[in-house]
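**Q** One structure, as structure tokens, below. Some questions next.
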Amino acid sequence: MPDLAIARSELILGGQKSGKTARAEALAAAWLAQSPTHEAVYIATAQAWDEEMRERIARHRRDRAERVPRMRTVEEPLALAHAIGQNSRPDTLVVVDCLTLWLTALLMPAVALEGAPPQPTSVADAIRASAGPLVLISNEIGLGVVPLGRDVRRFVDALGTLNQQAAAACERVTLMSAGLPMTLKAPA
């Protein structure tokens, strides 16, 4: 995968199965290869709401352990800014996978208060305060038609706002399509 230079912070956007996680894992492997003292932490935001998701999470854990064996996993579906702060150190690259599932958990009726907006600014603040390199993954879902339902429109709008705030806070922004990275924003 081209351009595996580690930025202070990178947002990786793309559709489902576009190569977002593969890029993040490649960046983590490159970071770990730079020094035996480097560490990598994977913050997983997914929750197993059904059997298919439980199986998917288990498969991702196994695959990740094979691809980047030195990367430690932390599961945090809600307190993302706190998890970033707790795991961020100058010698540690943190991967967040993904902002989309984190936002989903925040907006779910069982967790969110009706009408209470998510707090994307806390994530943007965590990006800026990160002590070490940070890689965030998020889906780009706003390229299609305007969704028909109110709740879906609210989610697409909220994710678009979150992605914009994360992109503004990150040093690099990469769009993945068909496994190919396209740099949207490069370090100055």
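The values are calculated or read from the model by the stated rules, or taken from the named source; none is laboratory data. Quantities reported herein were computed from a predicted structural model and do not represent experimental measurements. Positions of Cβ are backbone-derived with ideal geometry, glycine not excepted, and every protein chain shown enters the neighbour counts.
**Q** Restricting to the range 1-49, and then to whatever is touching a Leu at 6+ places or on another chain (Cβ under 9 Å) and of a type in the set (D, E, K, R), can you tell me which residue is surrounded by the most Cβ atoms within 10 Å (Cβ to Cβ)?
**A** The selected residue is K20.
**Q** Residues being buried (at least 19 other Cβ atoms within 10 Å of the Cβ) and β-branched (V, I, T): count how many of those fall in the range 139-188.
**A** Within the range 139-188, residues that are buried (at least 19 other Cβ atoms within 10 Å of the Cβ) and β-branched (V, I, T) number 2.
**Q** Exactly one of these conditions fails for A81: (1) at pLDDT 95 or above; (2) crowded, with 18+ Cβ neighbours inside 10 Å. Give me its number.
**A** Single failed check for A81: (1).
**Q** Considering (1) over 24 Å from N163 (Cα atoms); (2) hydrophobic (A, V, I, L, M, F, W, C); (3) surrounded by 14 or more Cβ atoms within 10 Å (Cβ to Cβ), say which one A65 fails and leave the rest.
**A** So the condition that A65 fails would be (3).
**Q** Just give me the residues in the range 83-109 being touching an Asp or Glu at 6+ places or on another chain (Cβ under 6 Å) and of a type in the set (V, I, T), in sequence order.
**A** Across the range 83-109, the qualifying residue is only T92.
**Q** I'd like the full set of residues that are over 20 Å from I12 (Cβ atoms) and β-branched (V, I, T), limited to the range 26-85.
**A** Once the filter is applied, which keeps residues that are over 20 Å from I12 (Cβ atoms) and β-branched (V, I, T), the range 26-85 yields only T37.
**Q** Taking the conditions exactly as written (farther than 26 Å from P187 by Cβ and either free of Cβ contacts under 8 Å to residues at least 60 places away in the same chain or in a helix (DSSP H, G or I) (or both)), does R23 satisfy them or not?
**A** Against the criterion (farther than 26 Å from P187 by Cβ and either free of Cβ contacts under 8 Å to residues at least 60 places away in the same chain or in a helix (DSSP H, G or I) (or both)), R23 does not qualify.
**Q** Next question, about the same structure. Would you confirm whether any residue within the range 122-135 is assigned to a helix (DSSP H, G or I) and modelled with pLDDT under 90?
**A** yes
**Q** Name the residues in the range 21-63 that are touching a strand residue (DSSP E or B) at 6+ places or on another chain (Cβ under 8 Å), over 21 Å from L78 (Cα atoms) and not aliphatic (A, V, I, L, M), would you?
**A** R23, E25, W31, H38, E39
**Q** Consider A48 against the criteria (1) outside any helix (DSSP H, G or I); (2) at pLDDT 95 or above; (3) within 17 Å of L99 (Cα to Cα): it satisfies all of them except one. Which criterion is unmet?
**A** (2)
**Q** Okay, next question. Assess whether I57 counts as being surrounded by fewer than 17 Cβ atoms within 10 Å (Cβ to Cβ) and among the hydrophobic types (A, V, I, L, M, F, W, C).
**A** yes
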